[in-house]
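The values are calculated or read from the model by the stated rules, or taken from the named source; none is laboratory data. Worth saying up front: this structure is predicted, and the values here are computed from it rather than measured. Note that we place each Cβ from the backbone using ideal geometry, even for glycine, and neighbour counts take in every protein chain shown. The protein model used for the area step is the full one, side chains on, heavy atoms only, and it has no ligands, DNA or RNA in it. Shrake-Rupley method; radii C 1.70, N 1.55, O 1.52, S 1.80 Å.
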Amino acid sequence: MHITRLGLTDFRSYAELSLELGAGVTTFSGPNGEGKTNLVEAVGYLATLGSHRVATDTPLVRQGAERAVLRAAVTGANGSALVEVELNPGRANRVRLNRAPLPRPRDILGTLRTVLFAPEDLVLVKGDPGERRRFLDDLLVATAPRYAGLRADYERVLKQRTALLKSAGGKTHLRGPARESVTATLDAWDAQLARAGAPLLAGRMRLLAALRPHVEAAYEAVSGGRPGEAAGMNYRSSALNNDGGFEDVAALEVALLKALDGVRASELDRGVCLVGPHRDELELSVGGLPARGYASHGESWSLALALRLASFTLLRENHEDPVLILDDVFAELDAGRRDRLAGLVADAEQVLITAAVPADVPDVLVGARFEVHAGVISRAS
Ligand SMILES: Nc1ncnc2c1ncn2[C@@H]1O[C@H](COP(=O)(O)OP(=O)(O)OP(=O)(O)O)[C@@H](O)[C@H]1O
Ligand SMILES: [Mg+2]
């Protein structure tokens, strides 16, 4: 798929922007702080309803403005669509598809698909497990939008069960019917957590199996395939003892229930939910050593890149090319890695590239060139 038109009103540093885009490569260059990343951040937001840089919407609205509006016209295998998002920090955002309001914003997910590489991706390798879980879940939603609902259901149940654990923890001294009632309530929430968690866990494990060969291949391609330096990935579940061949939702639900039963006492003690997809880890390795804590800067960066490239390949295989966004990626790579990366992405349906220094972008990625200066975008001559 590709974007044919992008429109922004009061988004970040852009008061008003309307930009025609074509398939193929488009490069945005300009000095630091002129609005290159702001632009691709808007594209990512239209695809995921979230920013790759900030967790709240407030910084996305132009200083002094009340709301921001983002629009993209998208053309792909399913025809053309107009996606619009109105950001109202502190209040509900509004989403429209082909000018019709969507009561549930998440129903827009899947209309525009993107894979965004950015310097922030280093946290995928070096950051907390939560970053890697989010990577998996975001990709899961991109491959199958129904997971947005499953993810929201799980979050809701988890929140309620955690609140219950906290309040029940203070009641362990109870005896008789009062105690039985607390136990019965907890049992009911265990069942709900297992029911909501099992499809998410199954989805993640299936995704991991599909993604693994692509990550291995992409890492080899980007790093040049030095012997003994292969990338690996492994899903470590808080509820299971192994990571594969366990993708049956019903069996996972049973396993989650059993694991919850086993940790009830310590959960009451600590007031936190100790088992479930929210406690799992996507383990990454390079050359057999854990990437987090062992991999060099360049290796970590290549691995993060491999995760994104693999995501692109997977989405391409399943459906159609997502819009590929490379924010400031080339400046971080040595010449060999730059050229190999360029070779891997040159044939994508649409590639949006930002670079402070245009010379950092390899020649095979020539395309439409724009310059960004103080929130104004002009065609480079
Ligand atoms: N909500 C906002 N309102 C107004 N200006 C904003 C807002 N958010 C960010 N900016 C401005 O946008 C600029 C940053 O833009 P952006 O991150 O796109 O830069 P860039 O061109 O990608 O730079 P670099 O090359 O350093 O990555 C900053 O000057 C910042 O002050
Ligand atoms: Mg930038």
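Restricting attention to segment 49-66, the residues being hydrophobic (A, V, I, L, M, F, W, C) and in contact (Cβ under 8 Å) with a residue 12 or more places away in the chain number 4.
When you go through ALA47, ALA65, ALA77, ALA15 one by one, which is the residue that is over 24 Å from the mean Cα position of the chain (by Cα), among the hydrophobic types (A, V, I, L, M, F, W, C) and within 24 Å of LEU102 (Cβ to Cβ)?
So the residue among ALA47, ALA65, ALA77, ALA15 that is over 24 Å from the mean Cα position of the chain (by Cα), among the hydrophobic types (A, V, I, L, M, F, W, C) and within 24 Å of LEU102 (Cβ to Cβ) is ALA65.
Number of residues in segment 1-50 that are away from ligand 2 (no atom under 13 Å from the Cβ), among the aromatic types (Phe, Trp, Tyr) and either open to solvent by 10 Å² or more (accessible area, probe 1.4 Å) or assigned to a strand (DSSP E or B) (or both) equals 2. Taken as a whole, the condition of being basic (Lys, Arg), open to solvent by 10 Å² or more (accessible area, probe 1.4 Å), at pLDDT 95 or above and over 23 Å from LEU289 (Cβ atoms) applies to ARG195. A search for C-beta distances below 7 Å between a residue of segment 331-359 that is away from ligand 1 (no atom under 14 Å from the Cβ) and any residue that is polar (S, T, N, Q), counting only pairs 6+ apart in sequence or on different chains, returns ARG337/SER302.
No other residue among GLU349, GLU371, GLU320 is farther than 26 Å from GLY224 by Cβ and modelled with pLDDT of 95 or more apart from GLU349. Within segment 206-215, does at least one residue satisfy the condition of being part of a loop (DSSP other than H, G, I, E, B), out of contact with any Pro (no Cβ under 8 Å at 6 or more places or on another chain), within 26 Å of ASP328 (Cα to Cα) and among the aliphatic types (A, V, I, L, M)? Taking every residue of segment 206-215 in turn, none turns out to be part of a loop (DSSP other than H, G, I, E, B), out of contact with any Pro (no Cβ under 8 Å at 6 or more places or on another chain), within 26 Å of ASP328 (Cα to Cα) and among the aliphatic types (A, V, I, L, M). The residue list SER311, SER266, SER296 contains one member that is of a type in the set (Ser, Thr, Tyr) and touching a residue at least 12 places away in the same chain (Cβ under 8 Å), which is SER311.
Quick test for you: out of ARG62, ARG96, pick the one residue that is within 16 Å of ligand 1 (Cβ to nearest atom), open to solvent by 70 Å² or more (accessible area, probe 1.4 Å), at pLDDT 95 or above and among the charged types (D, E, K, R). Being within 16 Å of ligand 1 (Cβ to nearest atom), open to solvent by 70 Å² or more (accessible area, probe 1.4 Å), at pLDDT 95 or above and among the charged types (D, E, K, R) holds for just one of ARG62, ARG96, which is ARG62. Scan segment 157-189 for residues that are in contact (Cβ under 8 Å) with a residue 40 or more places away in the chain, farther than 13 Å from ALA265 by Cα and among the charged types (D, E, K, R) and the total you get is 1.
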